[in-house]
Amino acid sequence: MASYSTSEFKSGLKVMLDGDPCAIIENEFVKPGKGQAFSRVKLRNLKTGKVWERTFKSGDSLEGADVLDVQMQYIFSDGEFWHFMDTETFEQKQADEAAVGDAKQWLKEEDMCEVTLYNGEPLNVNPPNFVELEIVETDPGLKGDTAGTGGKPATLSTGAVIRVPLFVQEGEIAKVDTRTGEYAGRIKN
Amino acid sequence: MVTDWRPTASLEAIKARAGLLSTVRAFFAARGVLEVDTPQLARHGVSDPHIQCIPVPGHGYLQSSPEYHMKRLLAAGSGPIYQICKAYRDGEAGARHNPEFTMLEWYRPGFDLSALINECLTLFGELFPGAPSRTYRFRDLFADVTGLDPLTTSDSDLIQRAEQHGAPEDLDKAAAVDYLMATTVEAALPAEQLSVVTDFPSWAAALAQTRTDTDGTEVALRFEIYYRGLELANGYQELTDADEQRRRFERDSRLRGEYGLNVMDADPYLLDAMHHGLPACSGVAMGVERLLMAQRNSNRIDEVLTFPGDRA
C-alpha cells in the first residue's frame, strides 16, 4: 500500500493508525508562528466507529489502508453470518455481526448495500438510506385520527421497532429512513 | 462525473473582498505609501525550513511572500511601500489554509516595531470597527496560560506538557513551545479583542532583529496580532545586517539538509541589496483571506475564496 504524507491528508482518505484502518474526517493544518507546522487530524476508526484526534508533524506519513466501498446485494443470513453478493461478478462475501452492526435491523433480502471491504473482507455494512419493510405487529389505531400526534410503536419484518402514525395498520409496508430510524411514509399496495 | 464548478464563496463574500481591498488602498494612499508589484515567479525561494516553495521547472519558484523583492526596492530607495499579491506555499492546506492565497505586505522605513503596531491597529480600526486591543509579551502570555516560562523552563518539561496536550512525540523545545502556543495559548486569547503579542523567543526571529531582554534572554523584535481565533498579522523590525542575514541563510540551509528538504541557495540579490544598505524599517504581512474571515466571523477559508485549491 502507498503511504500518504500530511499534505495529502484529506477527508475520506483511508489510512492505517495503531494497526486499525481509519478514514480521515478532517485535517486542520496548524502553523504557529514561524516554526514547526502540524496537522491536527480527526479520523474515524473503521473497526470501532470511534473518532480519534491526533496531531502529526507536517511531513509525517501514514500507511494507506486497503479499504474499498462497494455496492453489494444482501442475500440472506444464516444466523451467524450475513451474506452479500457482487451483482456483476456474483462473488459472495460473508459479514459477521460486528461488521453488520446496527445495519442488520434494516436488511431486506435483495436490497443493495454499501459494504466496506478491508483487505477484501467486510468491515462495515451501510444499509440503503430508505428501506421498505412490512409491519408485522402494531396496535389498531383509532379511526379518523390522521394527525398522528404521538404515533405508536410498530414491529417490522426484520424485528426493528419504529414509531408510526396511528392510522398505519398491520400488513402495510412502511418506508423507513435508516439514518434516523424514522417512519418516512407507507407504500400503497 | 459531475464537477464542483461553482465558487465556494458567496457573492456577498466576493463583494466583501473588493470592499476590503479598496479600504486598504485608500488607507495607504492617504498615508503616502506606494503600491508596488514584484515578481511571483523568481529564481530563488525563501530559505526558511518551515516554508516550502512550489518549484516551477525551468524558472525557479513561486514566491511564498514578496519579502525579498520588496526589500530590494527599499534598498534602492523606494521609501514606504505596500503590496497586495498572491503568495504560494506547498503543503499548506486545511480549513484555514490554501496553497495559493492573497497577501498584504508593507514596509515602513524609519518605523520601529511599536510605530508599525500602531499603524496596524489603525487599519484594523477601519476593518473591525470598535474592536478593543491589548498587547502582551509572548513570554508573559505563555507563562500566564501554561504556568511555564518558554525560555527558562527545562526542555523536557515543555515537551512533556505539549505531549499532554496531544502533540506528536520527538518534538524539540522550540516546536513544543510553538505547539502549546498554537493550541492552548492562542485559544485562551479573548476572541473579540485584537491581541498583539510581542517579543517572541529569538529562535522565532526569522528575518527580525533580536535584542537582549532585561534578564539577559534574547528576544525577537517581532509581533503577531490575533482576532477571533485567527492570526492576522506577523510583523518584524527588519534585520538590516547583511552578514547576519548570510548567517541565517546558512543556518536555514543546514536545517533544510537535516530535515531532508531541498536545498535553497542564499538569494544573492537580497544579500547584495543588504550590503548596499537596507534602511532601518519595520514590515508586516497579513493574509487577506484571514482578514475577510475575521470580518465575516468565518472559520473556513473556502467561504472567502472563489475557487479553493481542490476545485481550482
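The values are calculated or read from the model by the stated rules, or taken from the named source; none is laboratory data. What you see is a predicted model, and the numbers here were worked out from it, not measured in a lab. Neighbour counts run over all protein chains shown; Cβ positions are idealised from the backbone, glycine included.
If you check B:ALA87, B:ALA30 for being among the hydrophobic types (A, V, I, L, M, F, W, C) and touching an Asp or Glu at 6+ places or on another chain (Cβ under 9 Å), only one passes: B:ALA87. Taken across the stretch B:301-310, residues that are under 19 Å from the mean Cα position of the chain (by Cα) and either within 14 Å of chain A (Cβ to nearest Cβ) or among the hydroxyl-bearing types (Ser, Thr, Tyr) (or both) do occur, with at least one present. Out of the stretch B:164-175, which residues are surrounded by fewer than 20 Cβ atoms within 10 Å (Cβ to Cβ) and in contact (Cβ under 8 Å) with a residue 12 or more places away in the chain? If the condition is that a residue be surrounded by fewer than 20 Cβ atoms within 10 Å (Cβ to Cβ) and in contact (Cβ under 8 Å) with a residue 12 or more places away in the chain, then B:HIS165, B:GLY166, B:ASP172, B:LYS173, B:ALA174 are the ones that fit. If you go through the stretch B:143-182 and pick out every residue that is farther than 22 Å from A:PHE29 by Cβ and acidic (Asp, Glu), you end up with 4.
One residue is enough: does the stretch B:200-214 have a residue meeting the conditions hydroxyl-bearing (Ser, Thr, Tyr), away from every other protein chain (no Cβ under 14 Å) and in a strand (DSSP E or B)? Scanning the stretch B:200-214, I find at least one residue that is hydroxyl-bearing (Ser, Thr, Tyr), away from every other protein chain (no Cβ under 14 Å) and in a strand (DSSP E or B), so the answer is yes. Of the set (1) in contact with a strand residue (DSSP E or B) (Cβ under 7 Å, 6 or more places away or on another chain); (2) of a type in the set (Gly, Ala, Ser); (3) at positive phi, all apply to B:GLY260 but (1).
Scanning the stretch B:137-147 for residues that are of a type outside the set (Asp, Glu) and surrounded by fewer than 19 Cβ atoms within 10 Å (Cβ to Cβ) gives B:ARG137, B:ALA143, B:VAL145, B:GLY147.
The test for being out of contact with any Gly (no Cβ under 8 Å at 6 or more places or on another chain), among the basic types (Lys, Arg) and not in a loop (DSSP other than H, G, I, E, B) does not hold for B:ARG222. Filtering the stretch B:255-268 to residues that are surrounded by fewer than 15 Cβ atoms within 10 Å (Cβ to Cβ) and away from chain A (no Cβ under 14 Å) leaves B:GLY257, B:VAL263, B:ASP265, B:PRO268. Counting only residues that are touching a Ser or Thr at 6+ places or on another chain (Cβ under 7 Å) and either of a type in the set (Lys, Arg) or without any contact (Cβ under 8 Å) to a residue 40 or more places away in the chain (or both), the stretch A:56-82 holds 0 of them. Here B:GLU238 meets each of (1) within 21 Å of the chain's Cα centre (by Cα); (2) acidic (Asp, Glu); (3) farther than 30 Å from B:ALA131 by Cβ with one exception, condition (3).
In the set (1) more than 27 Å from A:PHE56 (Cα to Cα); (2) more than 13 Å from every other protein chain (Cβ to nearest Cβ), the condition left unmet by B:GLY235 is number (2).
Filter the stretch A:4-13 down to the residues that are surrounded by 21 or more Cβ atoms within 10 Å (Cβ to Cβ) and not aromatic (Phe, Trp, Tyr) and list them by number. Result: A:THR6, single match. Quickly run through the stretch A:1-17 and pick out the residues that are within 12 Å of chain B (Cβ to nearest Cβ) and among the hydroxyl-bearing types (Ser, Thr, Tyr). If the condition is that a residue be within 12 Å of chain B (Cβ to nearest Cβ) and among the hydroxyl-bearing types (Ser, Thr, Tyr), then A:SER5, A:THR6, A:SER7, A:SER11 are the ones that fit.
Within the stretch B:270-312, the set of residues being farther than 22 Å from B:ALA206 by Cβ and basic (Lys, Arg) comprises B:ARG296, B:ARG300, B:ARG311.
Of all residues assigned to the stretch A:64-85, none qualifies as being within 14 Å of chain B (Cβ to nearest Cβ) and at negative phi. For the stretch A:106-127, does any single residue satisfy the condition of being modelled with pLDDT of 90 or more and aromatic (Phe, Trp, Tyr)? Yes, the conditions are met somewhere in the stretch A:106-127. In the stretch B:92-115, the residues that are within 14 Å of chain A (Cβ to nearest Cβ) and of a type outside the set (D, E, K, R) reach residues that are part of a strand (DSSP E or B) and surrounded by fewer than 19 Cβ atoms within 10 Å (Cβ to Cβ) with C-beta atoms within less than 8 angstrom, at least six apart or across chains, in these pairs: B:GLY94/A:GLU28; B:ALA95/A:GLU26; B:ALA95/A:GLU28; B:PRO99/B:ILE54; B:PHE101/B:LYS86. The number of residues in the stretch B:210-229 being out of contact with any Ser or Thr (no Cβ under 8 Å at 6 or more places or on another chain), surrounded by fewer than 20 Cβ atoms within 10 Å (Cβ to Cβ) and at negative phi comes to 5. Scoring B:LYS86 on the criteria (1) charged (D, E, K, R); (2) surrounded by 16 or more Cβ atoms within 10 Å (Cβ to Cβ); (3) not in a helix (DSSP H, G or I) leaves a single failure, condition (2). Of the residues contained in the stretch B:273-296, none is found to be at pLDDT below 95, within 21 Å of the chain's Cα centre (by Cα) and of a type in the set (Lys, Arg).
Does B:ARG72 satisfy the condition of being out of contact with any Cys (no Cβ under 9 Å at 6 or more places or on another chain), touching a residue at least 60 places away in the same chain (Cβ under 8 Å) and at negative phi? Yes; evaluated as a whole, the condition is true for this residue.
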